[in-house]
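What follows is one structure encoded as structure tokens, with my remarks underneath.
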Amino acid sequence: MTLPAKREAVDPAVQQIMAEVRKTNRVAGKEDDIELALSEALANAVVHGCQCDPDKRVECCVVCDDKRGLLIVVRDPGTGFDPALLPVPTAGENLFPTMGGGVYLMNQLMDEVRYHKNGTEIHMVKR
């Protein structure tokens, strides 16, 4: 799926993808975690990767198999980032983060989260 880099495009994309994920029945009981992580990944790509420029596009690919689980890949055309440089939102001084909260959530909700292409591509796995 490809979506324009507009905030209002995120929720319809998430709903459409999650409808397909639910049909597979391969991650039953984990849909809420997947939906929130997907929403955060797409929102980050739109806001940070594309700077909400509607002329730019965010790509999302979802595949599922019985052995490896569900894989979600989100790509944006931005310059990327280093997730290791984000503040840890559980540290006292960062309890109300302006950045990093979504990345933290994705890491907590998914079984694997990996960044590729200088942080412009995220791979998330749920088993």
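The values are calculated or read from the model by the stated rules, or taken from the named source; none is laboratory data. These figures come from a predicted structure and were not determined experimentally. All Cβ positions, glycine included, derive from the backbone under ideal geometry; neighbour counts span all protein chains shown. For accessibility, only protein heavy atoms count, side chains too; no ligands or nucleic acids. Shrake-Rupley method; radii C 1.70, N 1.55, O 1.52, S 1.80 Å.
Restricting the calculation to alpha carbons of region 1-64 gives Rg and Dmax of 12.0, 36 angstrom.
Calculated on C-alpha atoms, the gyration radius of the chain divided by its Kirkwood radius gives an Rg/Rh of 0.96.
For the chain, the number of Lys pairs separated by eight or more positions or lying on different chains, with C-alpha atoms closer than 23 Å, is 9. Taking Glu121, Glu20 and ordering them by how much accessible surface each has at a 1.4 Å probe, largest first, produces Glu20, Glu121. Rounded to the nearest 20 debye, the dipole magnitude of the chain is 340 debye, with +1 charges on Lys and Arg beta carbons, -1 on Asp and Glu beta carbons, and the Cα centre as origin. In this structure the chain gives 57 Å² per residue of accessible area when probed at 1.4 Å with all protein chains present. Surface composition of the chain: carbon plus sulfur atoms hold 51% of the accessible area, using a 1.4 angstrom probe and ignoring ligands, DNA and RNA.
Amide H neighbours of Val58 under 5 Å, counting only residues 5+ apart in sequence or on other chains, H built in-plane at 1.01 Å? When sequence neighbours closer than 5 places are left aside, the close amide H contacts are Leu3, Ala5.
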